[in-house]
Each structure stands twice: as structure tokens, then as C-alpha cells.
Amino acid sequence: MLYSETVMDHFQHPRNVGKLDDADGIGEVGNAKCGDIMKMYLKIRDGIIVDVKFNTFGCGSAIASSSMATEMIKGKPVSEALALSNKAVVEALGGLPAHKLHCSVLAEEAVRAAVKDYYDKNGIAYDPAEFCNGDCACCHEHDVQQN
């Protein structure tokens, strides 16, 4: 079997699908290679993620990864959401095929992008490098500001 029962369950019955019109943070990420696009919405109160929704355009692994990521951060402090790794998502799903691991990376990136948006909207200081793998605009903007 290519996919675990957990992956199939989260694909066929995804949790937290939808949009939060009053979201405190919104993150959208995509992967041109596979065509998957994830949009994550966070509702945050007193540093706790009280609600989270997602919309994902993509394969079953992308939908399952998004669904699992939302379940893993809902009710948790923002700091724990930032610590969510794609490896933790994959483990919680009971594994993904090697050629689908990028879907779990997108889920991690979507959570981080939504938290960054929340920080930006609320003037919360952070280290831009914390949100960047070195090839995004935020790091380049940071480099420019430093020079």
C-alpha cells in the first residue's frame, strides 16, 4: 500500500478545511514543481492558536499534510506552531512516499508563513532568518536593510 490509513483518512475527510474571514494570520505557499498551493488561516488569542483553517489545491498527500498540520497546531501556543516540522507531520501521518515528502514541507511552510503574517500585522518583532531557508524575499530584504 502506497499510503497509510491515516493519510487516506485525512485526504478523504480533511479536518479544518475552509477560510477564516477574520484571520489574524494568513500564509500562502506553493510549489511550482508539483502545482500544490496551500493557504493557511490562523485565529490567535493571547498567543494561542484558537482556530485554524486551510485551503489546499493539490494532490492527496498535500491535502492530508495540510489537514494533519492544522490538527497538530490547533489549541497550541504560536511558539509550538513555529516549531512544527515537516518530519513531525510525516510521522503523524504514518509516513509519505519519498516523492511526496515535499507536501509535508509545504504544510510546515504554510504554518510559518501564517505566523509571520500575524507577527507583521501586529508589529511583533522576530528574526527574519527564522522564517526563511535563504532563498526567499524576506532574507533578501533583511540583507538590504543590514547594508
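Any residue at all in the range 40-52 that is in contact (Cβ under 8 Å) with a residue 12 or more places away in the chain, hydrophobic (A, V, I, L, M, F, W, C), surrounded by fewer than 20 Cβ atoms within 10 Å (Cβ to Cβ) and in contact with a helix residue (DSSP H, G or I) (Cβ under 7 Å, 6 or more places away or on another chain)? It would help to see each step written out before you state the result.
Initial filter on the range 40-52 (in contact (Cβ under 8 Å) with a residue 12 or more places away in the chain): 40-44, 47-52.
Next, from what is left, pick out any that are hydrophobic (A, V, I, L, M, F, W, C): 40, 42, 44, 48-50, 52.
If we keep only those that are surrounded by fewer than 20 Cβ atoms within 10 Å (Cβ to Cβ) too, we end up with 48, 50.
With in contact with a helix residue (DSSP H, G or I) (Cβ under 7 Å, 6 or more places away or on another chain) added as a condition, the list becomes none.
No, the conditions are met nowhere in the range 40-52.
Go through the range 41-95 residue by residue and tally those that are touching an Asp or Glu at 6+ places or on another chain (Cβ under 6 Å) and over 15 Å from E109 (Cβ atoms).
2
Quickly run through the range 93-127 and pick out the residues that are crowded, with 18+ Cβ neighbours inside 10 Å and aliphatic (A, V, I, L, M).
Passing the criteria: L93, L96, V105, L106, A107, A110, V111, A113, A114, V115.
Taking the criterion of being small (G, A, S), out of contact with any Ser or Thr (no Cβ under 7 Å at 6 or more places or on another chain) and within 23 Å of P77 (Cβ to Cβ), would at least one residue in the range 29-43 satisfy it? Break it down stepwise before answering.
Initially, the range 29-43 is screened for residues small (G, A, S), giving 30, 32, 35.
From what's left, out of contact with any Ser or Thr (no Cβ under 7 Å at 6 or more places or on another chain): 30, 32, 35.
Okay, now just the ones that are also within 23 Å of P77 (Cβ to Cβ), so none.
No, the range 29-43 contains no residue that is small (G, A, S), out of contact with any Ser or Thr (no Cβ under 7 Å at 6 or more places or on another chain) and within 23 Å of P77 (Cβ to Cβ).
Among the residues of the range 90-104, which ones are touching a helix residue (DSSP H, G or I) at 6+ places or on another chain (Cβ under 9 Å), at pLDDT 95 or above and either polar (S, T, N, Q) or assigned to a helix (DSSP H, G or I) (or both)?
The answer is V90, A92, L93.
The values are calculated or read from the model by the stated rules, or taken from the named source; none is laboratory data. What you see is a predicted model, and the numbers here were worked out from it, not measured in a lab. Using ideal geometry, Cβ is built from the backbone for each residue, glycine included, and neighbour counts are taken over all protein chains shown.
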